[in-house]
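> My structure is below; once you've seen it, I'll send some questions.
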Amino acid sequence: MFNLILFGPPGSGKGTQSEKLIEKYGLIHLSTGNLLREEIANETTLGLAAKSYMDQGQLVPDEVVIGMIRSMINAKPEAKGFLFDGFPRTVAQAEALDNLLAEKQNEINIVLALIVDEEELVSRLLNRGKTSGRSDDTNESVIRARIVEYETKTAPVADHYAKSNKVVKVKGVGSIDEIFGSLTQHIKL
Ligand code: B4P
């Protein structure tokens, strides 16, 4: 199995690049953001609870997203590998993921970290908010709160994986195809 984490702040291009990477490598795409938005659209109890956090730019509690990821991994025993997009977002999520994979004699092979400066992130997300209908993309103060959550709670996830030399930084500014080309140079599959 080949397991890849696409890492980076909100708006860094994780969702955009994930679509291209899963097509090229046949990995299963697990985006916690997409899974949570589906729960919201279906008005499930989980979705209603998650929405209040997401609308304020805060992370959804660890146990909620870990439970979602556990059931998705368990549902795909035949997978060639997974691309984790937007997960793990805390060190507790990273440790839970490492344990889940270890139970299956697997591990994270690489963490590709997209590097984009804050003003570019804000501008991309406000731009997406004009058409996406995503309430967390329309308000600049919510976008900035998401970036603060990233810096305080999510950036330490890179330090966690750096201890085992799994993190590769990739410039996340440029055309979508250029960035895709840089990412693929690091995937040995
Ligand atoms: P996500 O859905 O993961 O949202 P995101 O980080 O904003 O999106 P992403 O990074 O994928 O967007 P992309 O850059 O591709 O999370 C939303 C919320 O869900 C979180 O705030 C949190 O509340 C909750 N959540 C999700 N996972 C969680 C977890 N594990 N734990 C707790 N809470 C969790 O795209 C951004 C824009 O940039 C697009 O418009 C795109 O077209 C554009 N873009 C992409 N590449 C570009 C490029 N090269 N140049 C110019 N524009 C580009």
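The values are calculated or read from the model by the stated rules, or taken from the named source; none is laboratory data. Worth saying up front: this structure is predicted, and the values here are computed from it rather than measured. Ideal geometry is used to build each Cβ from the backbone, glycine not excepted, and the neighbour counts take in all protein chains shown. These area figures cover heavy atoms from the full protein model, side chains too; ligands, DNA and RNA do not enter into them. Shrake-Rupley method; radii C 1.70, N 1.55, O 1.52, S 1.80 Å.
> From the list Ser31, Ser123, Ser71, pick out the single residue that is open to solvent by less than 20 Å² (accessible area, probe 1.4 Å) and polar (S, T, N, Q).
Answer to the check: Ser31.
> State all residues of segment 123-168 that are within 25 Å of Gly57 (Cα to Cα), among the basic types (Lys, Arg) and not in a helix (DSSP H, G or I); if no residue qualifies, say none.
Matches in segment 123-168: Arg134 only.
> Those residues that are in contact with a helix residue (DSSP H, G or I) (Cβ under 9 Å, 6 or more places away or on another chain) and open to solvent by 40 Å² or more (accessible area, probe 1.4 Å), I need them from segment 107-120; list them, please.
Correct list: Glu107, Glu118.
> Follow-up. Restricting attention to segment 1-23, and to residues there that are more than 10 Å from the ligand (Cβ to nearest atom) and either farther than 13 Å from Val111 by Cα or out of contact with any helix residue (DSSP H, G or I) (no Cβ under 9 Å at 6 or more places or on another chain) (or both), which single residue is least open to solvent (accessible area, probe 1.4 Å)?
Filtering first and then ranking leaves Leu21.
> Which of (1) in contact with a His (Cβ under 8 Å, 6 or more places away or on another chain); (2) open to solvent by 40 Å² or more (accessible area, probe 1.4 Å) does Val148 not meet, given it meets every other one?
The failed condition is (1).
> Checking Ala50 against (1) small (Gly, Ala, Ser); (2) near the ligand (Cβ under 9 Å from one of its atoms); (3) closer than 30 Å to Ser175 by Cα, which test does it fail?
Every condition holds for Ala50 apart from (3).
> Modelled with pLDDT under 95 and part of a loop (DSSP other than H, G, I, E, B), is that true of Pro88?
Against the criterion (modelled with pLDDT under 95 and part of a loop (DSSP other than H, G, I, E, B)), Pro88 does not qualify.
> Still on this structure, please answer the following. So how many residues does segment 74-85 have that are more than 10 Å from the ligand (Cβ to nearest atom) and surrounded by 15 or more Cβ atoms within 10 Å (Cβ to Cβ)?
Final tally of qualifying residues: 4.
> Just checking, does segment 176-187 include any residue being among the aliphatic types (A, V, I, L, M) and under 24 Å from Gly57 (Cβ atoms)?
No, every residue in segment 176-187 fails to be among the aliphatic types (A, V, I, L, M) and under 24 Å from Gly57 (Cβ atoms).
> Now a separate question. I'm trying to understand the selection: among the residues of segment 86-145, which are within 11 Å of the ligand (Cβ to nearest atom), polar (S, T, N, Q) and within 19 Å of Leu21 (Cβ to Cβ)?
none
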